[in-house]
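Novice: One structure, as structure tokens, below. Some questions next.
The values are calculated or read from the model by the stated rules, or taken from the named source; none is laboratory data. All figures in this text were calculated on a predicted structure; none of them were measured in a lab. Methodologically, a virtual Cβ is constructed for each residue, glycine included, from the backbone with ideal geometry; neighbour enumeration extends over all protein chains shown. What goes into the accessible areas is simple: the full protein's heavy atoms, side chains included, and nothing from ligands, DNA or RNA. Shrake-Rupley method; radii C 1.70, N 1.55, O 1.52, S 1.80 Å.
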Amino acid sequence: PTMAHSQALLVLENFIGGKFVPCSSYIDSYNPSTGDIYCRVPDSGKEEVEAAVKAAKDAFPIWSSKSTLERSQILNKLADLIEHDLEAFAQAESKDQGKTITFARTVDIPRAVHNFRFFASSILHHVTECTEMPSMGCVHYTSRAPVGVAGLISPWNLPLYLLTWKIAPAIACGNTVVAKPSEMTSVTAWMMCKLLEKAGVPPGVVNVVFGTGAKAGEALVCHPDVPLISFTGSTLTAQRITERSAPHCKRLSLELGGKNPAIIFDDADLSQCIPTTVRSSFANQGEICLCTSRIFVQRGIYSEFLKRFVAEAKKWKTGNPSDPTVNVGALISKEHLEKVRNYVKKAQAEGARVLCGEGVDPLALQPGNQKGYFMLPTVITEVKDESCCMQEEIFGPVTCVVAFDTEEEVIKRANGVKYGLAATVWSGNVGRIHRVAHRLQSGLVWTNCWLVRDLNLPFGGMKASGIGREGAKDSYEFFTEVKTITIKH
């Protein structure tokens, strides 16, 4: 690019010890809706991580000795500041990630604000345990203390939303953090750093190091002075993190992929079920770990469901994310789009039918978006349970619809994947809903709805979908060290 062009690019800097620090080398970040480079992100490694960990360690004594009330007030102030700039954050998130401006405005940024407010409140309401042993003349009680420097690694699908879901409980509990957002979506994290001082967060409490997993992430995970790692991302990366953490006996919280089933019984209310299942399949371009990608429909309503589902999916508008009427924005990268398309090709090669979307319907894009990474909502049917499209996480706007006959059979099929993050069950029979929910191997089961979240309750997956849970109590337990104290009187 010419000098004039490169000056127009946004250049991010690491945030270490309360200051923005330039980096010696940078990575290009693309605008997914145009295919153009629009931002340069630090390509941090060992040195930068070292500096950030040192800053976090130095800040720990002061931050951890503040009262929970003081920390709570600071978190609330930060929430107010992000909320004040909600529109700027939403615009940046949409441009950087490819998601629609509507989704960024109504989901991502409000949830990031809520994450800080939620943990600012919940931190004030935890109680510790106490037991008495009169025969021994003893009383026992527990106390909880922050652990130290937390390493937080967040993904590109819900950038600020998932970063704040980690930062908020970590600092609420009195830890200091070194965070590494995805190198593909770093802008909103960098914008948040600009607000920390104004919110009253002391220098070094929140450090953000930008870069790749292979360099910056690896250095963070391997650092001996980082006792906890919280990671959201792929199961493959999590295996690597587990191996690298093992020599240091680190505490891990891993929120990984899903291959989430929707089970639709013949007594389901289709007027509710169909629009919600279209949303659970294609929201955020299908790039949410909780998205539905296997839809099991009872045979009696299978053809009606399919007809109505495809008609509804075709109504979703794909295109320029900044257009408020668009439902599906751009996928994160050229490589990711290629990967998602390849799943559709594999399904077709196996004899499955693509009813709408990729390769079936024309995709009309505006002139400025011709080189963007777009894909229509795609519905595949006649696909076998053992197909890679039914076993592997696709993480795009693709869903598979298959028929089933009995409750027993569908539970077995729904559980027949390595993942166990979320499931949805649609039925008017309350007994059946409870029975099925109990037997599904899934950390979350929604019935007759999707993505209704109470942050108090545990969030996380079974099997290859992760280790640990997050939520009011669970995050508190993860980010604190418990001690049992016995007093003889």
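Novice: Largest first, how would L355, L160 line up by accessible area (1.4 Å probe)?
Specialist: Values: L355 40, L160 0 Å².
From most exposed to least exposed: L355, L160.
Novice: Give a quick list of trypsin sites (Lys or Arg not before Pro) in segment 212-321 that DSSP marks as loop, anything other than H, G, I, E or B, with at most 15 other Cβ atoms within 10 Å. If you can, show how the numbers build up before the last one.
Specialist: Details: sites: K215, R240, R244, K250, R251, K259, R279, R294, R299, K307, R308, K314, K315, K317; in loops: K250, K259, K317.
Those satisfying the criteria are K317.
Novice: With N denoting the number of residues in segment 81-160, provide Rg(C-alpha) divided by 2.2 N^0.38 Å, to two decimal places. Write out the running numbers ahead of the final one.
Specialist: Numbers: Rg = 20.6 Å, N = 80, 2.2 N^0.38 = 11.6 Å.
After normalising by residue count via 2.2 N^0.38 Å, the value is 1.78.
Novice: With the cut-off at 27 Å, tell me which of the pairs K180/K317; K334/K412; K166/K317; K180/K463; K339/K463; K259/K483 have Cα atoms farther apart than that. Present the calculation step by step, with values, prior to reporting the outcome.
Specialist: Values: K180/K317 33 Å; K334/K412 36 Å; K166/K317 33 Å; K180/K463 25 Å; K339/K463 24 Å; K259/K483 38 Å.
Pairs exceeding 27 Å: K180/K317; K334/K412; K166/K317; K259/K483.
Novice: What is the distance in Å between the Cα centroid of segment 353-399 and that of segment 198-265?
Specialist: Going from one Cα centre to the other spans 30 Å.
Novice: A follow-up question, please. From Cα coordinates alone, what are the radius of gyration and Dmax values for segment 134-194 in angstrom?
Specialist: Cα only, segment 134-194: 17.7, 61 Å (Rg, Dmax).
Novice: A further question on this structure: Over the chain, what is the mean sequence separation of C-alpha contacts under 8 Å (at least six apart), divided by residue count, expressed as relative contact order in percent? If you can, show how the numbers build up before the last one.
Specialist: Details: 1113 pairs, mean separation 91.2, N = 489.
Rounded, it is 19 percent for the chain.
Novice: Among bridges DSSP assigns within the chain, what percent are antiparallel (round to 5)?
Specialist: Details: 31 of 72 bridges.
Taking every DSSP beta bridge within the chain, about 45 percent pair in antiparallel fashion.
Novice: I would also like to ask the following. Report E386's accessible area, 1.4 Å probe, all protein chains in place, as a number in Å² to the nearest 10.
Specialist: Roughly 130 Å² of E386 is accessible to a 1.4 Å probe.
Novice: A further question follows. Rounded to the nearest whole Å², what accessible area per residue is found for segment 143-251 with the 1.4 Å probe? It would help to have the intermediate numbers written out before the result.
Specialist: Numbers: 3100 Å² over 109 residues.
Accessible area per residue, segment 143-251: 28 Å².
Novice: Okay, next question. Using only DSSP helix segments of four residues or longer, with each worth -39500 (n - 2.57), what per-residue ellipticity at 222 nm results for the chain after dividing by its residue count and rounding to 500? If you can, show how the numbers build up before the last one.
Specialist: Details: 16 runs with 187 residues, N = 489.
Result for the chain, helices only: -12000 deg cm²/dmol.
Novice: Using only the Cα atoms, work out Rg/Rh for segment 403-489, with Rh taken as the Kirkwood radius, to two decimals. Intermediate results must be reported in sequence, preceding the final value.
Specialist: Numbers: Rg = 17.4 Å, Rh = 15.2 Å.
We get a ratio of 1.15 for segment 403-489.
Novice: Moving on to the next point. Need the C-alpha centroid separation for segment 49-102 versus segment 427-489, integer Å.
Specialist: 25
Novice: Looking at the square roots a ≥ b ≥ c of the eigenvalues of the Cα gyration tensor of segment 261-447, which shape do they give, rounded for a/c under 1.5, prolate if a/b is larger than b/c, or oblate?
Specialist: On the way: a/c = 1.84, a/b = 1.66, b/c = 1.11.
It is prolate, given that a/c is not under 1.5 and a/b is the larger ratio.
Novice: Let me ask something else about it. Over the residues of segment 111-235, compute the C-alpha Rg and express it relative to 2.2 N^0.38 Å.
Specialist: On the way: Rg = 17.4 Å, N = 125, 2.2 N^0.38 = 13.8 Å.
So the Cα radius of gyration is 1.26 times the expected 2.2 N^0.38 Å.
Novice: Further, regarding this structure: I'd like the Karplus ³J(HN,Hα) series for segment 434-450: coefficients 6.51, -1.76, 1.60, θ = phi - 60°, whole numbers in Hz, and an x wherever there's a Gly or Pro.
Specialist: Karplus values, whole Hz, x for Gly and Pro: 5, 4, 5, 4, 5, 8, 6, 8, 7, x, 9, 10, 9, 10, 6, 6, 8.
Novice: Give me the percent of accessible area attributable to carbon and sulfur for segment 227-319, probe 1.4 angstrom. Before the final figure, lay out each step's value.
Specialist: Working: 1780 of 3390 Å².
On segment 227-319, the fraction of accessible area on carbon and sulfur atoms equals 52 percent.
Novice: Classify segment 1-95 as rounded, prolate or oblate, taking a ≥ b ≥ c as the square roots of the eigenvalues of its Cα gyration tensor: rounded when a/c is under 1.5, otherwise prolate if a/b is larger than b/c and oblate if not. Write out the running numbers ahead of the final one.
Specialist: On the way: a/c = 3.40, a/b = 1.48, b/c = 2.29.
It comes out oblate by the Cα gyration axes.
Novice: Leaving ligands, DNA and RNA out of it, report the carbon-plus-sulfur percent of the accessible area of segment 370-472 at a 1.4 Å probe. Walk me through the numbers on the way to the answer.
Specialist: Values: 2210 of 4080 Å².
Looking at segment 370-472 in its full context, I get 54 percent from C and S.
Novice: Quick query: amide H of N320 versus all other amide H atoms, modeled in the peptide plane; which residues come in under 5 Å with a sequence gap of 5 or more or a different chain?
Specialist: Those qualifying (amide H under 5 Å, at least 5 residues apart or on another chain) are Q366.
Novice: How much accessible surface area, in Å² rounded to 10, belongs to the heavy atoms of I301 with a 1.4 Å probe?
Specialist: Probe radius 1.4 Å; accessible area of I301 about 20 Å².
Novice: So, one more: If you take the square roots of the eigenvalues of the alpha-carbon gyration tensor of segment 186-226 and sort them as a ≥ b ≥ c, do you get rounded (a/c under 1.5), prolate (a/b over b/c) or oblate? Don't skip to the answer; put the middle values down first.
Specialist: Values: a/c = 5.39, a/b = 1.61, b/c = 3.35.
The shape class here is oblate.
Novice: Follow-up. Would you please name the trypsin sites (Lys or Arg not before Pro) within segment 383-489 that are DSSP coil residues with at most 16 other C-beta atoms within 10 Å of their C-beta?
Specialist: Values: sites: K384, K412, R413, K418, R432, R435, R439, R453, K463, R469, K473, K483, K488; in loops: K384, K418, R453, R469.
Listed in order of number, the matching sites are K384, K418, R453.
Novice: Write down Rg/Rh for segment 202-340, rounded to two decimals, with Rg from the C-alpha atoms and Rh from the Kirkwood relation over Cα pairs.
Specialist: Values: Rg = 20.5 Å, Rh = 18.5 Å.
Ratio of gyration radius to Kirkwood radius: 1.11.
Novice: Next question, about the same structure. Just checking my list (1) 70, 49, 46; (2) 75, 59, 47; (3) 75, 70, 41 against Cα extents along the principal axes in Å computed from this structure; which label fits?
Specialist: (3)
Novice: Also: Let me know the Kirkwood hydrodynamic radius for segment 234-313, please, with Cα pairs as the basis and the value in Å to one decimal.
Specialist: Values: mean 1/r = 0.0671 Å⁻¹.
One over the average 1/r among Cα pairs gives 14.9 Å for segment 234-313.
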